[in-house]
1. So the label point goes 7 Å from the Cα of Arg96 along Cα→C-beta, right? Which residues of the range 158-183 then have their backbone N under 18 Å from it?
2. Need the full-extension length gain, Lys205 to Leu335, defined as separation in residues times 0.36 nm minus the C-alpha distance. One decimal, nm.
3. Heavy atoms only, probe 1.4 Å: what % of the accessible area of the range 207-336 goes to carbon and sulfur, would you let me know?
4. How big is the accessible area of Val38 in square angstrom, nearest 10, if you roll a 1.4 angstrom probe over the protein chains?
5. Determine the order of Met164, Met303 by accessible area, beginning with the largest, at a probe radius of 1.4 Å.
6. Report the Stokes-Einstein translational diffusion coefficient (µm² s⁻¹, integer) for the range 227-310, Rh taken as the Kirkwood radius over Cα pairs, at 4 °C with viscosity 1.567 mPa s.
7. Enter the accessible area per residue of the range 208-315 (Å², integer; probe 1.4 Å; all protein chains in place).
8. Between Asp241 and Thr50, what's the calculated FRET efficiency when r is the beta-carbon distance and R0 is 22 Å? Round to 0.05.
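The values are calculated or read from the model by the stated rules, or taken from the named source; none is laboratory data. Keep in mind it's a predicted model, so treat the numbers as computed, not measured. When we count neighbours, we look across all protein chains shown, and the Cβ atoms used for this are built from the backbone with ideal geometry, even at glycine. Note: areas computed on protein heavy atoms with side chains; ligands, DNA, RNA excluded. Shrake-Rupley method; radii C 1.70, N 1.55, O 1.52, S 1.80 Å.
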Amino acid sequence: MAITEDAPPGTDTGGAEPAGGRRLSSPLALTLVLLSAVLAQSPIRGALGTPLMQSWTTVFVAVTVQALPFLVLGVLLSAAIAVFVPASFFARALPRRPALAVPVAGVAGAVLPGCECASVPVAGALVRRGVTPAAALAFLLSAPAINPVVLTATAVAFPGHPEMVLARFLASLLVACVMGWLWQRLGRTGWLRPPAHDAHEGATKGEAFWGAVRHDVMHAGGFLVLGATAAATLKAAVPADWLRTAAGTPLVSVLALAVLAVLLSICSEADAFVAASLTQFSPTAKLVFLVVGPMIDLKLFAMQAGTFGRAFALRFAPATFALAVAGAVVTGAVLL
């Protein structure tokens, strides 16, 4: 029988210390953060009690609380569409002629809820299943912008202004169809890389659904917080004279909100509440924000480049941005 003796103190047993023991684990990091907050509660309370921070907090909480239910609903519905509706359904439903398939695919976005995060992989699945790229791209642009969840959120964010909902619907659908027709006319096969397989292929439908929900909630939720932070900062910290100057010049206000939409990358189910909070800007400038954001922003550019290739994204994104700004301005001049 082998007898194992305890090693004397200080004796090297030859065992290596687990790597995890030297790391700052997440629970420990959270504990340190909470402890720091408790120790610094007096300065924090004093900072939060200032009128500036109270105004910032009010706007941030208002935008986040109003937008969050629509974001979650949109994520659930878009995940259901992406997982449970086969791409072959779209291939069968669309006309064979590309010129007709483009507007049909654009209108399909009005009845099939989907945020930007879901529209890119769905469009990639359509191309893989043989749908003409022009129609798939029209659906990619329209679905996040004119689906029922987004239009309802816009109506709630702009109460008493149904013309804003109509303008968003018409401008977004127009831009989506025109971009589809332009791709059909001018696009080249070499610019569009065949999409890779869906990340959820091989998983069960339930696993794919909840995987998509978890990914989109974390992804879109983070951008919602970023957007609410930017809106609150603009309202509370930026001098009112600066905002009035920018908002008072039509060209500057339109370009400023168009660029802001690209940089913030807010989910389309939540962007209307951020736009509504920018009270200094004209309705047309707000419409530009609502039309540009769901069609091209930083996260969409990255997703489009990853799905269809960099050569595609470098051509498609600038054209979409220019056309979205022009379409929103024209629509706003007529309806708003």
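1. No residue passes the distance filter.
2. Details: separation 130, 0.36 × 130 = 46.80 nm, distance 4.31 nm.
Once the chain is fully extended between Lys205 and Leu335, it gains 42.5 nm.
3. Details: 3730 of 5080 Å².
It is 73 percent, rounded to a whole number.
4. 90
5. On the way: Met164 10, Met303 45 Å².
In descending accessible area the options line up as Met303, Met164.
6. Working: Rh = 13.1 Å.
D = 99 µm²/s.
7. Working: 4100 Å² over 108 residues.
Averaged over the residues of the range 208-315, the accessible area is 38 Å².
8. Details: r = 21 Å, r/R0 = 0.93.
Given R0 = 22 Å and the Cβ-Cβ separation, E is 0.60.
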